[in-house]
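The values are calculated or read from the model by the stated rules, or taken from the named source; none is laboratory data. None of the values given here were measured: they were computed from a predicted structure. We place every Cβ from the backbone using ideal geometry, glycine too, and count neighbours over all the protein chains shown. To get the accessible areas, we keep the full protein, side chains included, count just its heavy atoms, and leave off ligands, DNA and RNA. Shrake-Rupley method; radii C 1.70, N 1.55, O 1.52, S 1.80 Å.
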Amino acid sequence: MNRAEVTDVFVFGKGDSAVYIDPIEGDFRAGDRVKILREGAEVAEVVIFPRDGSVVGAVRAGRRAHALVKGFVCVAGDMIEAE
């Protein structure tokens, strides 16, 4: 299971959001389908596009992990999960 917590959110006009995330376990890659959980309940299934092609890639490069979430506006505290 791949999991990360959303820490900061930047909202785009078309209903997308850029999120900073704290990885908990696993990795996300560009184009992965993920579930967004809010307060333990699934609120969306979307596609994620991490900077550097993956969350681990950003961390290895010394950058704070962040990604584009297509078609959904996240809020701080949301969990991102994928199998």
Could you check Ala4 against (1) of a type outside the set (Asp, Glu); (2) on the phi > 0 side of the Ramachandran plot; (3) assigned to a strand (DSSP E or B) and say which number it fails? (2)
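Among the residues in segment 50-72, are any in contact (Cβ under 8 Å) with a residue 60 or more places away in the chain, open to solvent by less than 10 Å² (accessible area, probe 1.4 Å) and farther than 10 Å from Phe28 by Cβ?
Going through segment 50-72, the residues in contact (Cβ under 8 Å) with a residue 60 or more places away in the chain turn out to be 65.
Those left that are additionally open to solvent by less than 10 Å² (accessible area, probe 1.4 Å): 65.
Then drop every residue that is not farther than 10 Å from Phe28 by Cβ, which leaves none.
Looking for residues that are in contact (Cβ under 8 Å) with a residue 60 or more places away in the chain, open to solvent by less than 10 Å² (accessible area, probe 1.4 Å) and farther than 10 Å from Phe28 by Cβ, one finds none in segment 50-72, hence no.
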